[in-house]
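Scroll down for the structure; my scribbles are underneath it.
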Amino acid sequence: MDYHKNKHAPLFCSIPEVELYVRKYVVNHPIVAEGFPKPLYDAVVEISFDSFEDFNTFFASENYLTKVHPDEPKFFDTSNYIAMATNETIIKAGA
């Protein structure tokens with residue numbers, strides 16, 4: 001968790017493509033809490049884009065491929081993760 005939040009997330013945010021294409025970047029680290037099952041994953045990451053074209057452009061960018069992507073195996077098992085495309089529907093947001 002520490003590496004993810006304090007090393008990788010700042011590295012991710014340091015590339016200029018984040019400002020151009022990423023609309024939201026959220027890192028969720030599960031906690032052990034009474035009444036809840038033991039977490040199955042170490043993290044859930046949400047990255048939002050305006051379009052699949054922006055998604056593809058971001059993940060194909062030279063900065064992502066040469067700076068961010070090589071850092072990923074330092075803190076998660078890249079052969080054993082789940083990715084999902086979603087369409088976010090906000091039911092209630094803060095004030």
| task | Considering the options Thr78, Val32, Asn6, tell which one lies farthest towards the positive end of the dipole of the chain, charges being +1 on Lys and Arg and -1 on Asp and Glu at the Cβ, about the Cα centre. | result | Val32
| Dipole-positive endmost among Ile47, Phe59, Tyr21 within the chain (Cβ charges, Cα centre) | Ile47
| Computed helical MRE - 222 nm, the chain, DSSP H runs ≥ 4 contributing -39500 (n - 2.57), nearest 500 | -5500 deg cm²/dmol
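Given charges of +1 on the Cβ of Lys and Arg and -1 on the Cβ of Asp and Glu, with all other atoms neutral, how large is the dipole of the chain about its Cα centre, in debye to the nearest 20? Show your work: numbers first, answer last.
Details: 8 positive and 14 negative charges, 59 e Å.
Roughly 280 debye, rounded to the nearest 20.
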| query | How fast does the chain diffuse by Stokes-Einstein, in µm²/s, taking the Kirkwood radius from C-alpha pairs at 37 °C and 0.692 mPa s? | reply | 218 µm²/s
| request: Would you please put 16-27, 81-92 in order of how densely packed they are, using the mean number of other Cβ atoms within 10 angstrom per residue and starting with the highest? | output: 16-27, 81-92
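As an exercise, use a Förster radius of 30 Å and the Cβ-Cβ distance of Ser51 and Leu11 to find the FRET efficiency, rounded to the nearest 0.05. Present the calculation step by step, with values, prior to reporting the outcome.
Values: r = 24 Å, r/R0 = 0.81.
Here the calculated transfer efficiency is 0.80.
FYI, it's all coordinate maths here, none of it is from the lab. These numbers were taken from a predicted model, which means no experiment stands behind them. A quick note on method: Cβ atoms are made from the backbone with ideal geometry, for glycine too, and the neighbour counts reach across all protein chains shown.
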